[in-house]
Amino acid sequence: MFAFESIHPLPAAWLRDSDLAPFASAYVRRLVDRGYAANTVRQYVYGVAHFARWTHRCRVGVHDFADEIVQRFVEEHLPRCTCPSPVQRCRHQVRAALRQLLIMLDDADARIGHRRPDLVENQLERFDTHMQQARGLAETTRVRRLSVVRSLLRFCAAGDADSNATTTPSADELRRFIARELSRVSPASGGSLAGALRGYLRFMALSGARVDHLLPVIASPAHWRLAPLPQTLSLSEVTRLLDAFPPDLPSHLRGYAMVRCLVDLGLREREVVSLELDDIDWEAGTLRICKGKSRRADVMPLPQTTGGAIAAYLRSGRPTTVNRRVFVRHVAPLEEPIGPDVVRNTVRQAYLRCGLPYTRVHILRHTLARRLLETGGTLKEVADMLRHRALDTSMIYAKVDLGRLAAVAMPWPGSAA
């Protein structure tokens, strides 16, 4: 149990003399209620006290705290900080501490700046509702498109002195934004960029804005989707990856179970983190995927190796929590769900441990498709296993079925066949 009296007198004085003094106890109570360890609470309080000292000296009141103020503190003050010890200078930990602080202040309705209406964010909220309810787009697609449109609108706002600038870009602003983005992304990402911008302009047209003249400005870069071979792992590389979770590794049971879901079932990252306890039918040996990209419920057979890995995690590795997700956080706050970044980091770290030169998680879906074809499966079976809505999506895997391609290959003209 954390005792507020255990805080060093100097940070305690910084808090007491700042605008955060009335909120210090509530902040500590929030962390304790969410299961943070006593030492973590202490380090977070030191980070908040450090921030309180800096904002007091900069004459920034608690009502004006915002993400931009936190960013200034982390990026400008911490690298050249000369504040007396004990202070918290670890950027990662300070960011996490201040994130909890801003949430607590919002719950207490203490930040005026947070309640200030934002034309861009209001517009993005309406666009997100349109994508979800009218278009039925998956969450990952919506997040990606919102990021593109947010960058566009901030780009337009930065070049307009009028704070009430419209959320409809001009043709020149759109051209300059596209040129800037295409200079730093791949052709495949350029196609995603163009799709996001077209989707936003069509949403604007439904809202009554005149944007027909802007659509021809958006041109997708040349990209032949089926040109490259899908990257896959060999059988020996898959074995090395699965062996990269030794017992002394933190959260090794969770990591191994998640990777088995990727390797054996070809699940997407978000499908892994969205699995719930009620989705597993242990008697029937099936797994229900309810929140897939296609927004439908699919029932898949649960391989014994995958089920065994999940069962081992549930018995011996999963912390006690009311969260119904299969894979949960192992550090406070325990009740909050994990995100796809946990799956990505788990796989990337496993690649590093076993010496594989890969970074992408999607390679494991490609690997499953190739394994199905090499063992006699058809493209229709690949499409069913990967839950593709159209068989055309699975056509790229025909290029990795070398055995069947060799059987139908014609001799090269002029060769000595």
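When the range 7-24 is examined, which residues are found to be part of a helix (DSSP H, G or I), touching a residue at least 60 places away in the same chain (Cβ under 8 Å) and within 12 Å of His50 (Cβ to Cβ)?
Initially, the range 7-24 is screened for residues part of a helix (DSSP H, G or I), giving 9-16, 21-24.
Now restrict to residues that are touching a residue at least 60 places away in the same chain (Cβ under 8 Å): 10-11, 23.
The answer is Leu10, Pro11.
Which ones in the range 279-317 are among the small types (Gly, Ala, Ser) and either at pLDDT below 90 or loosely packed, with under 12 Cβ neighbours inside 10 Å (or both)?
Ala284, Gly292, Ser294, Ala297, Ser316
Say we look at the range 245-262 and pick out the residues that are of a type in the set (A, V, I, L, M) and crowded, with 22+ Cβ neighbours inside 10 Å; which of these is farthest from Arg360 (Cα to Cα)?
Taking the range 245-262 first, the residues of a type in the set (A, V, I, L, M) are 249, 253, 257-259, 262.
Next cut, crowded, with 22+ Cβ neighbours inside 10 Å only: 257-259, 262.
Numbers: Ala257: 18, Met258: 15, Val259: 13, Leu262: 12 Å.
Residue satisfying both the conditions and the ranking: Ala257.
Can you tell me which of (1) closer than 23 Å to Gly266 by Cβ; (2) over 25 Å from the mean Cα position of the chain (by Cα); (3) at pLDDT below 80 is the one Trp412 doesn't meet?
Failing condition for Trp412: (1).
Restricting attention to the range 37-65, which residues are assigned to a helix (DSSP H, G or I), of a type in the set (Phe, Trp, Tyr) and out of contact with any His (no Cβ under 6 Å at 6 or more places or on another chain)? Show your work before the answer.
The initial filter retains those residues of the range 37-65 that are assigned to a helix (DSSP H, G or I), namely 38-57, 62-64.
When the remaining residues are screened for being of a type in the set (Phe, Trp, Tyr), the result is 44, 46, 51, 54.
Scanning the range 37-65 gives Tyr44, Tyr46, Phe51.
Would you confirm, using the coordinates I've provided, whether Val343 is out of contact with any Lys or Arg (no Cβ under 7 Å at 6 or more places or on another chain), in a helix (DSSP H, G or I) and closer than 23 Å to Ala96 by Cα?
So Val343 passes the test.
Restricting attention to the range 25-36, report how many residues are out of contact with any helix residue (DSSP H, G or I) (no Cβ under 8 Å at 6 or more places or on another chain) and not in a helix (DSSP H, G or I).
Within the range 25-36, residues that are out of contact with any helix residue (DSSP H, G or I) (no Cβ under 8 Å at 6 or more places or on another chain) and not in a helix (DSSP H, G or I) number 2.
Could you grab me the full set of residues in the range 202-261 that are assigned to a helix (DSSP H, G or I), closer than 20 Å to Ile178 by Cβ and free of Cβ contacts under 8 Å to residues at least 40 places away in the same chain?
Those that are assigned to a helix (DSSP H, G or I), closer than 20 Å to Ile178 by Cβ and free of Cβ contacts under 8 Å to residues at least 40 places away in the same chain: Arg202, Met204, Ala205, Leu215, Pro216.
State yes or no: is Val87 aliphatic (A, V, I, L, M), over 24 Å from the mean Cα position of the chain (by Cα) and modelled with pLDDT of 85 or more? Working first, answer last.
Working: aliphatic (A, V, I, L, M): yes; over 24 Å from the mean Cα position of the chain (by Cα): yes; modelled with pLDDT of 85 or more: no.
Criteria not met by Val87.
Considering every residue within the range 37-50, establish whether at least one is at negative phi, in contact with a helix residue (DSSP H, G or I) (Cβ under 7 Å, 6 or more places away or on another chain) and modelled with pLDDT under 85.
There is no residue in the range 37-50 that is at negative phi, in contact with a helix residue (DSSP H, G or I) (Cβ under 7 Å, 6 or more places away or on another chain) and modelled with pLDDT under 85.
The values are calculated or read from the model by the stated rules, or taken from the named source; none is laboratory data. For clarity, every value in this text was computed on a predicted model and none was experimentally measured. Positions of Cβ are generated from backbone atoms using ideal geometry, with glycine treated the same way; all protein chains shown enter the neighbour counts.
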